[in-house]
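Remarks on the structure that follows.
The values are calculated or read from the model by the stated rules, or taken from the named source; none is laboratory data. Just so it is clear, the structure is predicted and the values come from calculations on it, not from any experiment. Cβ placement follows ideal geometry from the backbone for every residue including glycine, while neighbour counts extend to all protein chains displayed. SASA here: full protein model, heavy atoms, side chains in, ligands and nucleic acids out. Shrake-Rupley method; radii C 1.70, N 1.55, O 1.52, S 1.80 Å.
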Amino acid sequence: MKLYPRVASEAYAGGFPKDFTVSLWNGTTWVEVASRKNYSATAEALTLTFDECDYRALRIHATKLDNVD
C-alpha cells in the first residue's frame, strides 16, 4: 500500500501523520497491519507492505499530525 502526502513543494510534505496505525476490517474487528511513530514524511510515497488478505475496509488512524501551512 502506498500513502501519499499532500505536497506543497519537493522538500515539504506538511499535514502527513507523524503517529498512526493502519488497520483492516474483517467484518467483526479491526486488525492492525502497520504503525509508525514520529514518522518524518517526505515528498515521496510511504510504502507499507503486509500479507495479502480479504478484508472489507482500511482505516488510517492518525494520533499526531505534522504541521500544516
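How high is the FRET efficiency between Lys64 and Asn26 when r is their beta carbon distance and R₀ equals 22 Å, given to the nearest 0.05?
Efficiency, rounded to the nearest 0.05: 0.25.
Of all the accessible heavy-atom surface of the chain, with the other protein chains kept in place and a 1.4 Å probe, what percent is carbon and sulfur?
46 percent
Among Ala43, Ala34, Ala57, which one shows the biggest mean-square fluctuation in a GNM of the chain, springs joining Cα atoms closer than 10 Å?
With Cα springs under 10 Å in the chain, the top fluctuation among Ala43, Ala34, Ala57 is at Ala57.
For the chain, how big is the tail of P(r) above 15 Å, as a whole percent of Cα pairs?
54 percent
Calculate, for the chain, the solvent-accessible area per residue in square angstrom, rolling a 1.4 angstrom probe over the heavy atoms of the protein chains.
Result: 70 Å² of accessible area for each residue.
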